[in-house]
1. Counting only residues that are within 15 Å of residue 291 (Cα to Cα), more than 24 Å from the chain's Cα centre (by Cα) and not aliphatic (A, V, I, L, M), which one in the stretch 310-324 is farthest from the ligand (Cβ to nearest atom)?
2. Here is a list: 261, 257. Which entry is more than 21 Å from the chain's Cα centre (by Cα), without any contact (Cβ under 8 Å) to a residue 60 or more places away in the chain and surrounded by fewer than 22 Cβ atoms within 10 Å (Cβ to Cβ)?
3. Can you give me the ranges of the helices (runs of 4 or more DSSP H) entirely in the stretch 53-167 with at least 3 residues that are farther than 26 Å from residue 459 by Cβ and in contact with a helix residue (DSSP H, G or I) (Cβ under 7 Å, 6 or more places away or on another chain)?
4. Which ones in the stretch 62-87 are of a type outside the set (A, V, I, L, M, F, W, C), under 22 Å from residue 172 (Cα atoms) and buried (at least 17 other Cβ atoms within 10 Å of the Cβ)?
5. Being part of a helix (DSSP H, G or I) and within 14 Å of the ligand (Cβ to nearest atom): is that true of residue 327 here?
6. Considering 309, 315, which residue is assigned to a loop (DSSP other than H, G, I, E, B) and either over 23 Å from residue 18 (Cβ atoms) or not small (Gly, Ala, Ser) (or both)?
7. Take the stretch 349-365 and flag every residue that is within 8 Å of the ligand (Cβ to nearest atom), touching a Ser or Thr at 6+ places or on another chain (Cβ under 7 Å) and within 23 Å of residue 160 (Cβ to Cβ).
Amino acid sequence: MKIVMVASEVVPFAKTGGLADVAGALPLALEKAGQDVIIIMPGYKAAHAIKSPEIRPFADGVSYSKIGKNIPVYFIENKEYFDRDGLYGDKNGDHKDNLERFSYFCRHALELLREIKFKPDIIHCHDWQSALVPVYLKNTLALDPFFTRTRTVFTIHNIGYQGLFAKEALPKTGLDWGVFNMDMLEYYDKINILKGGLVFSDLINTVSDTYSKEIQTKEFGFGMEGILEKRKADLFGIINGLDYSIWDPVADKKIAANFSAKDMAGKVACKEDLQKLCGLPAKAGVPLIGVVSRLAQQKGFDIVAEGIDEICRLDLQMVILGTGDLTYHQIMEAMVKKYPKVISLHLKFDDTLAHKIYAGSDMFLMPSKYEPCGLGQMISFRYGTVPIAFKTGGLADTVNARNGYIFDEYSKAALLANIKQAVRDFKSKKKWHDLALRGMKQNFSWSASAKKYIELYEKAKAR
Ligand code: ADP
């Protein structure tokens with residue numbers, strides 16, 4: 001099959017979260033499975049800043065690179081739209097021209113396919129930033145013979161981000177007012193780009209089985225539950241895999257020492273290294289909890305913030321890496337002042353430190369209020385770090401009492417009870433080792449999930 005991945009962030013070129021991991025790793029697995037894949041993403045300043053792989057000019061407004069064995073990556077270039085800091089926004093909030101930026105991206109992605117004569121069987125779009133692709137295909141390009149056999153698959157990575165804009169901006173997309181109604185792109189008198197993707201794509205999926213069911217409910221649907229209920233026969237759940245060439249304690253060059261399920265000695269060195277780096281006392285017997293996360297309510301920071309003072313008084317250490325809401329930055333900064341020997345805070349995006357935290361921590365805290373899939377817990381498993389998570393979405397599908405700690409009441413009390421239990425269990429070396437080992441031995445490689453995506457593409461093709 002000829003498959004196009006249209007995504008607004010792709011590892012190794014640009015990343016703000018899990019979407020980039022998926023858009024970078026799934027094509028590699030598809031290529032291994034013999035599929036003909038290309039990737040199209042915006043030519044951000046951040047992408048041009050990386051040294052390898054090299055990005056070269058390709059044509060007017062397009063540049064080019066390669067990943068995997070031979071996967072072409074095309075960058076839609078536009079100095080005004082993409083040559084700036086922040087993929088979607090900066091410290092002042094979302095970029096004001098995001099509608100123009102991403103409709104430009106989607107339109108030019110489709111034009112590029114014609115230019116390079118790549119007639120896709122499947123265009124796979126991700127989240128609202130590429131949701132206009134199916135909208136254009138079923139509207140402005142509906143009669144275009146180049147795309148008659150093309151089908152679209154749309155993946156929801158997080159239904160909380162929908163691309164909402166004032167209706168007056170609709171002409172900027174090049175679409176006519178015929179799409180602005182309740183059954184299409186209108187949502188309470190605004191343009192909802194994600195909704196357009198959900199209405200016009202041939203098949204829809206999200207990144208775990210549980211989340212695919214949750215988003216059909218009022219509690220998790222963020223207003224999209226109605227349209228998803230209508231499309232429930234076309235809605236699937238496929239859990240993300242992990243890119244084992246990036247997340248591998250045996251070969252990871254970013255960590256202090258390598259280790260494996262057979263020989264965990266390196267993990268001790270990783271913990272020492274992390275403690276030193278973070279200015280925490282080098283105590284092997286005290287459990288170290290890692291957090292790598294957006295500092296947002298979605299990630300459970302409301303209950304973490306409520307409980308953090310009590311958590312810091314337990315016999316443990318904590319390293320937090322992430323950026324997000326200013327309120328949580330401030331709460332955590334106050335804790336660092338109060339408990340400097342217990343908690344270490346890093347308010348930034350730092351891939352190398354993330355690797356060191358996954359490898360050097362004993363536990364990984366991920367009490368997300370909702371979690372479409374979640375990669376943090378899967379990476380932790382791989383590095384023998386035991387997750388403590390709230391039972392929702394992809395966390396419910398991957399964490400259980402045999403491999404970690406999972407609680408089903410979203411509260412500070414439940415969070416604290418689980419942390420306390422983990423701290424107690426940590427004292428028993430054998431019990432802890434067995435728990436960590438069970439996590440490490442699980443398989444979250446992309447091959448199984450890529451197979452499911454190929455089945456989904458076949459289903460879409462048969463439409
Ligand atoms: P999200 O909802 O943010 O996409 P996921 O768990 O699916 O959450 O994926 C988050 C990805 O981003 C993981 O690979 C995680 O390690 C990474 N990540 C998140 N915050 C940071 C940070 N501050 N520095 C480095 N990596 C980060």
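What follows is calculated from the coordinates using simple rules that are stated; it is not laboratory data. Predicted, not measured: the structure shown is a model, and the values here were computed from it. Cβ placement follows ideal geometry from the backbone for every residue including glycine, while neighbour counts extend to all protein chains displayed.
1. 312
2. Exactly one residue qualifies, and that residue is 257.
3. Of the helices (runs of 4 or more DSSP H) lying wholly inside the stretch 53-167, those with at least 3 residues that are farther than 26 Å from residue 459 by Cβ and in contact with a helix residue (DSSP H, G or I) (Cβ under 7 Å, 6 or more places away or on another chain) span 98-115.
4. Matches in the stretch 62-87: 77, 81.
5. When the stated conditions are applied, residue 327 does not pass them.
6. 315
7. Within the stretch 349-365, 349 is the sole residue that qualifies.
Residues are listed down the side, and each one gets a yes or a no for (1) part of a loop (DSSP other than H, G, I, E, B); (2) among the charged types (D, E, K, R):
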residue: 240; (1), (2): yes, no
residue: 255; (1), (2): yes, no
residue: 271; (1), (2): no, yes
residue: 274; (1), (2): no, no
residue: 281; (1), (2): yes, no
